[in-house]
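Here the structure is laid out as structure tokens; the discussion comes afterwards.
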Amino acid sequence: MKVILKQDVKSLGFKDDVVAVKNGYANNYLIPKGMAAVANPSNVKVLEENLRQAAFKQEKIKLDADKIAGKLNGFTLKLGAKAGANDKIFGSITSLQISQALKNEGFEVDRRKIVLDQDIKVLGNYTATINLHREISVQVNLEVVAE
């Protein structure tokens, strides 16, 4: 079944993408939760018209994301965490904490756009991927130190 995504769905696609999924996944999850609509001819025509009108706005958003990516490229973010024996952190570092630290540095990044390769539970150096736009992502170095 082909559906039109109304929002970004992790590991499936981005908003306004037309994707093929299994009938059960579409009928039982995506459509009832408002994440997708059936890709019938009338919905596809509406989508094409909306995309045509939104192309100008998307170009501006992409340019803004490109500026932020240029500033974040090679940026190292220092995060403080309480740690115990063997440099083990009490809890873990989450994307919310990274987002707040970036905000303190002057970068406005939504926490849902931050992807961690691994759980951060020990002091050290890590990398996080920030998906600023569907075509633009940037790697940020994280340095987790004891408070």
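Exactly one residue out of LYS15, LYS62 is in contact (Cβ under 8 Å) with a residue 40 or more places away in the chain and out of contact with any Phe, Trp or Tyr (no Cβ under 9 Å at 6 or more places or on another chain): that is LYS62.
Quick check on this structure: which one of ASN50, ASN86 is among the polar types (S, T, N, Q) and assigned by TED's automatic domain parsing to the domain that holds THR127?
Numbers: ASN50 fails: assigned by TED's automatic domain parsing to the domain that holds THR127.
After applying the criteria, what remains is ASN86.
A residue that is surrounded by 12 or more Cβ atoms within 10 Å (Cβ to Cβ), among the small types (Gly, Ala, Ser), out of contact with any Asp or Glu (no Cβ under 8 Å at 6 or more places or on another chain) and not assigned by TED's automatic domain parsing to the domain that holds VAL9 cannot be found anywhere in region 125-136. Against the criterion of being surrounded by 11 or more Cβ atoms within 10 Å (Cβ to Cβ), under 21 Å from VAL9 (Cα atoms), under 21 Å from the mean Cα position of the chain (by Cα) and among the hydrophobic types (A, V, I, L, M, F, W, C), ALA69 does not qualify. Taking the criterion of being within 13 Å of the chain's Cα centre (by Cα) and surrounded by fewer than 13 Cβ atoms within 10 Å (Cβ to Cβ), the only residue of region 85-105 that qualifies is LEU96. Restricting attention to region 106-124, and to residues there that are farther than 24 Å from ASP8 by Cβ and modelled with pLDDT of 90 or more, which single residue is nearest to the chain's Cα centre (by Cα)? Taking the candidates together, the pick is LYS121.
Any residue in region 62-73 that is closer than 21 Å to VAL145 by Cβ and part of a helix (DSSP H, G or I)?
Looking only at region 62-73, we keep the residues that are closer than 21 Å to VAL145 by Cβ, and these are 72.
After this cut, where a residue has to be part of a helix (DSSP H, G or I) as well, the list is 72.
The answer is yes; a qualifying residue exists.
I'm checking my understanding of the structure. Among residues of region 33-54 that are under 23 Å from the mean Cα position of the chain (by Cα) and over 11 Å from ILE4 (Cβ atoms), which one is surrounded by the fewest Cβ atoms within 10 Å (Cβ to Cβ)? The selected residue is GLY34.
The values are calculated or read from the model by the stated rules, or taken from the named source; none is laboratory data. Not measured: the values here are computed from a predicted model. Here Cβ is always computed from backbone atoms with ideal geometry, including for glycine, and neighbour counts include all displayed protein chains.
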